[in-house]
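Beneath this line is the structure, given in structure tokens, with notes to follow.
The values are calculated or read from the model by the stated rules, or taken from the named source; none is laboratory data. All values derive from a computational prediction rather than experimental measurement. Positions of Cβ are backbone-derived with ideal geometry, glycine not excepted, and every protein chain shown enters the neighbour counts. In case anyone asks, the SASA skips ligands and DNA or RNA and just uses the protein heavy atoms, side chains included. Shrake-Rupley method; radii C 1.70, N 1.55, O 1.52, S 1.80 Å.
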Amino acid sequence: FERGDVDNGGPEIRLDDDELKKLAKKVKFVRHEEAAGLIGAKQSGAEKATGDVLVFFDCHVKPDPNYWKAFTRAIGENYRRVVVPTIT
């Protein structure tokens, strides 16, 4: 299991270097100095990812507990499958 966080270079609140160092043991961070946009941020995050399954959650998405079980089951049935969560 790997968690990544991509800073798209926008004007949102950013973690400072000390905060990043504290979290670096658990989270891979990708930072953009200039705005990369949503797709640019996801692309660079995907390029840095090393896992077999890649899941994106935008800032407005809060997954249900154990969301990953349905994802991995569906992907296990067909590894080429794209799984999209229900957004309520």
* **Accessible solvent surface per residue of the chain, calculated while the other protein chains remain in place, 1.4 angstrom probe, Å²** => 87
* Accessible surface of the chain [probe 1.4 Å, protein heavy atoms]: carbon and sulfur percent -> 54
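Can you give me the relative contact order of the chain as a percent, contacts being Cα pairs under 8 Å and 6 or more apart?
For the chain, the relative contact order is 28 percent.
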* Asked: If you line up the long axis of helix 37-48 against the longest principal axis of the chain, both from Cα atoms, how many degrees apart are they, to the nearest 10?
  -> 80
* Structure fact -> So for R0 = 22 Å, FRET eff. of residue 54-residue 24 from the Cβ-Cβ r, to 0.05, ends up at 0.65
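Net charge within 12 Å of residue 23 by Cβ-Cβ distance, Lys/Arg positive one each and Asp/Glu negative one each, not counting residue 23 itself?
Cβ neighbours under 12 Å give a net charge of +1.
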* **From the C-alpha gyration tensor of the range 43-85, square roots of 5λ in Å** => 17, 16, 9
